[in-house]
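The structure appears right after this line, and notes come after that.
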Amino acid sequence: MVAIYLFALLAPLAALWVGYPAAMEWLIGHWTSEEYSHVVMLPIVGAYMALLSQPAADQSAKGPRYGGIALLAAGVVMLLLAHYGMMVSLYGFSLLAMVYGLFIVLAGWETAKRTRAALGLLMFMVPMPTALFNSMSGSLQLVSSNLGAWIVELFGITVHLQGNVIDIGRLQLEVVEACSGLRYLLPLIALAYIVAVFSRASVIRGGALLLAAVPITILLNSLRIALTAVFVEYFGINLTEGFLHDFEGWVIFFPALGLLALCNMALSRLARRDTSRSQWLLVPQGGFGKPLGAGMKALVSGSRTTLAAAMVPLIVVAYLPLVLPEKEIITPVREEFGLFPLELNEWKGEHQGMDAVYRNALPWSDYLLANYAKPGRGIVNVFVPYF
């Protein structure tokens, strides 16, 4: 099923590439970020999982395919909502629905159930919605800052913590979004899933392994932050930026993998499972040659009619933007903030300037920054950006 698995992934991507360049730009923009840099390896690992789940003998696909048609339709609806409604977070979910739908149409429901581990891995390719990503990043920043400050104090260094800023006197370390730990958490969760599949973990043990990735990430990310402060305090080495800072991040990731492996061993012992290498699912039944040949034959011969029928809706989807109304973004009519009144009852305001580094931080088109004063009432600072 390897050929069908890869085809079911590449065909919807090709449809998006042809008809929806904004979708591909959004997906590639996420996949090339450091948080999702591991995504490029997931289809390869998924194809290997599909190979492991395939029987050595050539067996025709069984089971109904109607569920695949429904998933394809749902994927198209989400794609159009993302395209015309600017609900960009749906791009990833629409791709996933189309991939699953196409696989079921080509291989059948029974084969999809047998290949569920490889299909499930593709979920980790979907970028998180922006609101969820920002919420998790902010929470991880605060937790890592607090735990990192506590670890720094264990080394006898006086620490003043304010929000996500760790002040050690000679240096203030700001735990920014890039240091929140998501760059560890997202790949580590994907690796936990891969370990669970290859070690033939049960659903409960696999779920526990996925959950274990969260405290492991928080612990080691906090340790990395604390070590940065300690090295600066005792050795005067500036690890807050540049090569040493990035290298330290890579070094910390390997203990995270080790803790994940130890956690898997501990869970296996609790479940009274043999954790020897022979129990791992690493080689397909009958070797590599027969499953690969059977999968290719199923794609090019046994599924020829189904393949042609499945390609029709994808071609239609790719060229839908040519026949549907052109997407139009309507900008509301509004007055510029420069005309905003500086006198409101007894309050009198004064415009304030903003440095270019802050003006360019976010893509707003207009903003109001002013101080309003009222006798006996102090000053109220007002800042409103307009996107």
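Each reported figure results from applying straightforward, stated rules to the coordinates on display, with no laboratory input. Since the model is a prediction, treat every value here as computed from it, not as a measurement. All Cβ positions, even for glycine, are placed from backbone atoms using ideal geometry, and neighbour counts span all protein chains on display.
All Cα-Cα separations within the range 317-387 were binned at 5 Å from zero, giving a P(r) of 3, 12, 18, 15, 13, 10, 8, 6, 5, 4, 3, 2, 1, 0, each value a whole percent of the pairs. Inter-label distance, residue 25 to residue 322: 2.1 nm, where each label sits 7 Å from its Cα along the C-beta direction. Taking 7 Å steps out from each Cα toward its Cβ at residue 77 and residue 132 produces label points 1.9 nm apart.
By per-residue mean of other Cβ atoms within 10 Å, what is the highest-first order of 100-109, 347-356, 137-146, 322-331?
Details: 100-109: 24.8, 347-356: 11.6, 137-146: 18.6, 322-331: 7.3.
So the peptides 100-109, 347-356, 137-146, 322-331, ranked by packing, come out 100-109, 137-146, 347-356, 322-331.
Once backbone amide H atoms are built at 1.01 Å from N, residue 366 has 386 as its partners under 5 Å, excluding neighbours fewer than 5 places away on the same chain.
Summing Lys and Arg as +1 and Asp and Glu as -1 over all other residues whose Cβ lies under 12 Å from the Cβ of residue 377 gives a net charge of +1. Computed from phi, the 3J(HN,Hα) profile of the range 17-26 under the Karplus parametrisation 6.51, -1.76, 1.60 (θ = phi - 60°) reads 5, 6, x, 9, x, 5, 5, 5, 5, 5 Hz, with x in place of Gly and Pro. Our coupling estimate for the range 189-205, obtained by passing each phi through the Karplus curve with A = 6.51, B = -1.76, C = 1.60 and θ = phi - 60°, is 5, 4, 5, 4, 5, 5, 4, 4, 5, 5, 8, 6, 6, 6, 4, 5, 5 Hz, Gly and Pro reported as x. For the range 77-128, dividing the convex hull volume of the Cα atoms by the residue count gives 60 Å³ per residue. Take residue 40 and residue 343, extend 7 Å from each Cα along the Cα→Cβ direction, and tell me the distance between the two endpoints in nm. Rounded to a tenth, the inter-label distance reads 6.2 nm.
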